[in-house]
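Below you'll find the structure, written out as structure tokens, and then a few comments.
The values are calculated or read from the model by the stated rules, or taken from the named source; none is laboratory data. Because the structure is a prediction, the values reported are computed rather than measured. No Cβ is skipped: glycine too gets one built from the backbone with ideal geometry, and neighbour counts run over all protein chains shown. Note: accessible area is taken over every heavy atom of the protein model, side chains too, but ligands, DNA and RNA are not part of it. Shrake-Rupley method; radii C 1.70, N 1.55, O 1.52, S 1.80 Å.
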Amino acid sequence: MARSGLMTYELSETPQAAPGGTTPARHGHRLRWNKVPEVTAYFWIIKVLCTTVGETAADLLNEKAGLGLTGVSVLMSVLLAAVLVVQFRTTSYRAGVYWLAVALISVVGTLISDNLTDNMGVPLETSTTVFALVLAVVFVVWYRRERTLSIHSIDTTSRESFYWLAVLFTFALGTAAGDLVSERMNLGYWLSAVLFALAIAAVAVAHFALGLDAVWSFWIAYVLTRPLGASIGDYLSQPNAAGGLGLGTVVTSALFLAVILGLVVYLIVTRRDVAEPESVARQAA
């Protein structure tokens, strides 16, 4: 099924259509509208910006809030839970709620990895491996339960739950893996950003030119945007002596939040990223 946008994906094996041509939801009431955005250039731009905010905001809160890493983690987890309750209660995709959840989950995913590394002394090799395994388990259970991993069918509570679990662990995995690569290769912030950007470009070439499976392409790119955004954020916010531009976490966070807000308002007005579920699209075809 052809879709517009960059690296939208389908799984080749989908459930058999029910009478009338719709794909039955295995678990939960099927909604008319998809709960996540169409994957377009806007999606990837905002995603990278959110990962940058996740890095700088986590550093900012840890430095300024006076709550310590554990206290900040608890606070942001509570805020994320509250926003996800609102997200789950909506009956269709709402750009403002969705991207607020992504921004918060970016911060929480960063803090999870930081807590394991800084507070518990877990080696980055271990945390990277564990997060990769947990993410794989989420995908396996998601597919075994729903028989699809399609982003165009996040239209039941069950599928949405798996989607957000996957998003959380991609952020945690991206944080740990990005830190591991940066520390081992000691490239500095700017060269690290270039490295991860080239890796994403390689995934795009493998998908569009070499036929790499769309599901793998999407989620690999999704993981890689996390260290890309973190490297950009660190380059802008860290002092000159540490290899950054010295803008600070406050300025960098505010700058990127302003750009995110502008893009999200644009999408709310234009609805350029609203996607229908597969069942509705089939009925309209």
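Tell me whether the stretch 130-146 contains one or more residues that are part of a loop (DSSP other than H, G, I, E, B), open to solvent by 10 Å² or more (accessible area, probe 1.4 Å) and touching a residue at least 24 places away in the same chain (Cβ under 8 Å). Within the stretch 130-146, not a single residue is part of a loop (DSSP other than H, G, I, E, B), open to solvent by 10 Å² or more (accessible area, probe 1.4 Å) and touching a residue at least 24 places away in the same chain (Cβ under 8 Å).
Sort out which residues of the stretch 167-181 are open to solvent by less than 40 Å² (accessible area, probe 1.4 Å) and over 14 Å from the mean Cα position of the chain (by Cα), and write them in order of number. Residues satisfying the conditions are Ala176, Ala177, Gly178, Leu180. Looking across the stretch 147-166 at every residue that is buried (at least 19 other Cβ atoms within 10 Å of the Cβ) and of a type in the set (Val, Ile, Thr), the one that is nearest to the chain's Cα centre (by Cα) is identified as Ile151.
Conditions tested, residue by residue: (1) touching a Pro at 6+ places or on another chain (Cβ under 9 Å); (2) open to solvent by less than 30 Å² (accessible area, probe 1.4 Å); (3) farther than 21 Å from Val223 by Cα; (4) at pLDDT 75 or above.
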{"site": "Ala17", "(1), (2), (3), (4)": "yes, no, yes, no"}
{"site": "Leu61", "(1), (2), (3), (4)": "no, no, yes, yes"}
{"site": "Val78", "(1), (2), (3), (4)": "no, no, yes, yes"}
{"site": "Gly109", "(1), (2), (3), (4)": "no, yes, no, yes"}
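Cβ-Cβ under 9 Å, sequence separation 6+ or interchain: first residue in the stretch 208-228 and more than 18 Å from Thr148 (Cα to Cα), partner of a type in the set (Phe, Trp, Tyr) and open to solvent by 20 Å² or more (accessible area, probe 1.4 Å). Which pairs? Sorted first by the residue in the stretch 208-228, then by its partner, the pairs are Ala221/Trp44; Thr225/Trp44. No other residue among Leu247, Leu267 is open to solvent by 20 Å² or more (accessible area, probe 1.4 Å) and either modelled with pLDDT under 85 or of a type in the set (A, V, I, L, M) (or both) apart from Leu247.
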